[in-house]
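K.L.:
Quick one: the structure is below, and I'll ask about it shortly.
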Amino acid sequence: MISIRKNVVRSIVPLLIFALLPLYMLASLVTRSTTAQNVPVSAVPMVGRLEVHGGKHIRVDGNDAESGFTILDGQTLETSDCTSATVHLLPVMLGGAANEIGTVEVATNTKAVINYSAGKVNLNLVKGCGRVQIARETEATIALPDGTVTPATLAATPDRKRAEICFPLEERRDFRPNCVAPIVWGAIGSAAAVVTTVALVSPCSRGQDTSPDTPAGQCI
């Protein structure tokens, strides 16, 4: 009788283990997800996503880059007279929604180097204007060629701070350019010139001579 009970127990134990294993794994995943969501923003690594304004592309490390391009730490961004750019800093983490940590913006006709890591962002401005909006837990600065460093301390939103500066300081650039292609203005100008020319040419006149003997011909 005892032997039979032992055999029954030995048979039931493996079944219980297999039955409880999925519950254990689920609890483990929930715990990991909760832990990931509770990680402070300053400890979360980031990745940059490019958004181009006013045109199709800007220059990144000397190459054309369009919206959606990944911007890495240490890359150089350069815009033209009619383009600007925003780098969206997104968290790299498992679980939870990928809420944006902040943005780095470069205005038109601007050249800058972007550096970022967990909890820290810096924009090295070579020329033009730059702007940073970042989560309050993250350290952010804009550095100028003359050694001046401007930290993000101004309130942008309840949960973000910002900094904005130009080099040289008196420079002004557009962060959202609205340029019209020169060819459009050229076409309009040409059409206007033609209309003006036609309007200025007097109608053909042969004077007061209405004699039928006057031969037909070109106006003089």
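K.L.:
Work out, step by step, the length gained on full extension between V149 and N178: first 0.36 nm times the residue separation, then minus their alpha carbon distance; give nm to one decimal.
P.N.:
Values: separation 29, 0.36 × 29 = 10.44 nm, distance 3.00 nm.
Going from the current span to full extension adds 7.4 nm.
K.L.:
I've got another one for you. What FRET efficiency, computed as 1/(1 + (r/R0)^6) with R0 = 25 Å and r the Cβ-Cβ distance, is obtained for K127 and K56, rounded to the nearest 0.05? Mind showing how you got there, number by number?
P.N.:
Values: r = 22 Å, r/R0 = 0.89.
Calculated value: 0.65.
K.L.:
Moving on. How far, in nm, would the chain grow between E170 and M93 when pulled straight, counting 0.36 nm per residue and subtracting the alpha carbon separation? If you can, show how the numbers build up before the last one.
P.N.:
Details: separation 77, 0.36 × 77 = 27.72 nm, distance 4.06 nm.
Between E170 and M93, full extension yields an extra 23.7 nm.
K.L.:
So how do E105, E66, E170 line up by other beta-carbon neighbours within 10 Å, fewest first?
P.N.:
By the 10 Å Cβ count, ascending: E170, E66, E105.
K.L.:
While we're here: Sequence-distant or interchain residues sharing an amide H contact under 5 Å with I71, placed H: which?
P.N.:
Counting only residues 5 or more places away or on other chains, the set is G48, R49, L50.
K.L.:
Another question about this same structure. What Kirkwood hydrodynamic radius, in Å, does the stretch 41-167 give when the mean of 1/r is taken over all pairs of distinct Cα atoms and then inverted? Working shown, then result.
P.N.:
Details: mean 1/r = 0.0696 Å⁻¹.
Its Kirkwood hydrodynamic radius stands at 14.4 Å.
K.L.:
Please give the peptides 42-51, 153-162 ranked by average Cβ packing (other Cβ atoms within 10 Å per residue), highest first, as a rough proxy for protection. The partial results should precede the final answer.
P.N.:
Working: 42-51: 16.7, 153-162: 13.7.
With the highest mean Cβ count within 10 Å placed first, the list reads 42-51, 153-162.
The numbers here are math on the coordinates, done by the rules we state, and not lab data. Quantities reported herein were computed from a predicted structural model and do not represent experimental measurements. All Cβ positions, even for glycine, are placed from backbone atoms using ideal geometry, and neighbour counts span all protein chains on display.
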